[in-house]
1. Which of the three applies to segment 47-142, rounded, prolate or oblate, going by the alpha-carbon gyration tensor with a ≥ b ≥ c and a/c under 1.5 meaning rounded?
2. Just the ratio, please: alpha-carbon radius of gyration of the chain over 2.2 N^0.38 Å, N its number of residues.
3. Can you sort ASP111, ASP4, ASP84 from fewest to most other Cβ atoms within 10 Å of each residue's own Cβ?
4. Pop a pseudo-label 7 angstrom from the Cα along the beta-carbon direction at both ALA175 and ASN44 and give the gap in nm to one decimal.
5. Sort out for me the Cα centre separation of segment 39-89 from segment 126-150, rounded to whole Å.
6. Pairs of lysine in the chain with Cα under 25 Å and at least 8 positions apart or on different chains: total?
7. Can you tell me what percent of all Cα-Cα pairs in segment 1-53 are more than 12 Å apart?
8. Roughly what would the spin-label model give for TRP130 and THR220, points 7 Å off Cα along C-beta, in nm?
Amino acid sequence: MQLDAFLDLARSRRAVRKFKPDPLPDGVLTRLLEAARWAPSGYNLQPTHFVTVTDPRTRERLYRPCMSQGAVVDAPATVVFAGDRQAHRTRFERALRLDLEESAIPPAYADDLRRYVKLGFSTGPVGLGWLLRATVFPLLRWFTPMPSLPAVHRRYWVTKQVMLAAMSFMLAAKAAGLGTLPMEGFDEGRVRRLLGIPRRFEVPVIVAVGFTEAGEAKKTRVPLEESLHADRW
Ligand SMILES: Cc1cc2nc3c(=O)[nH]c(=O)nc-3n(C[C@H](O)[C@H](O)[C@H](O)COP(=O)(O)O)c2cc1C
């Protein structure tokens with residue numbers, strides 16, 4: 001795709017609040033999720049899971065936990081984006097094996113990744129690793145550069161990864177002629193319980209998707225110059 005075409009797509013994506021009840025064409029939702037699945041993630045840990053809600057009764061039940069946002073019942077599909085706080089345990093070795101099988105990464109790099117993931121994510125026995133990372137590591141920052149560690153800032157880490165997948169999903173939907181509404185207005189605990197999402201998952205965003213009614217307001221952005229800091233803030 002050419003840059004101009006991509007810019008048109010990015011500019012024309014709107015947060016849609018009026019959906020037609022028409023169902024999504026067969027297979028489209030899976031293709032949008034394919035776009036989401038290929039979003040990058042730290043250490044390629046791929047923590048994002050997708051709960052697709054298309055059953056009308058479940059959409060009705062999702063309505064109140066989503067702060068009575070009409071999109072959840074109006075749109076034919078809603079995707080709950082969830083991120084696994086334990087992806088370093090549940091996904092890492094599998095993802096690494098796939099990359100090694102495909103020669104996507106050299107074995108030496110796989111060993112490096114194992115070390116980094118252990119350093120960054122491990123909370124150790126009875127949380128001692130967490131304590132170390134939350135107290136001693138920030139002190140080390142006086143002497144050497146230290147990234148924020150997912151072991152300590154887990155919710156922040158998971159949110160970053162999941163939002164990239166959600167953005168890919170929304171742009172793909174736009175490319176398919178569909179509209180989306182990203183939602184942060186929801187009661188996470190209630191949504192999790194309703195859909196049976198395990199407690200170790202965070203739910204940073206929910207996205208409704210469907211064909212749109214005409215008349216969505218044109219949105220604006222502040223000029224780039226007001227947000228751009230070239231070379232230095
Ligand atoms: C993370 C996130 C959460 C949002 N949550 C809601 C929401 O709960 N309800 C809603 O109506 N719009 C929500 N929005 C939509 C924003 O209001 C919208 O994206 C913004 O006004 C810019 O408009 P545009 O997306 O049409 O360009 C959310 C957007 C983002 C990125």
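Just so you know, all these numbers are worked out from the coordinates, no wet-lab data involved. Being a predicted model, the structure only gives us computed values, none of them experimental. Backbone-built Cβ (ideal geometry, glycine too); neighbour counts: all protein chains shown.
1. Verdict is oblate for segment 47-142.
2. The reported ratio for this selection is 1.15.
3. ASP4, ASP111, ASP84
4. The answer from the label model is 2.1 nm.
5. Distance between centres, Cα-based: 32 Å.
6. 11
7. 78 percent
8. Going from the TRP130 label point to the THR220 one covers 4.6 nm.
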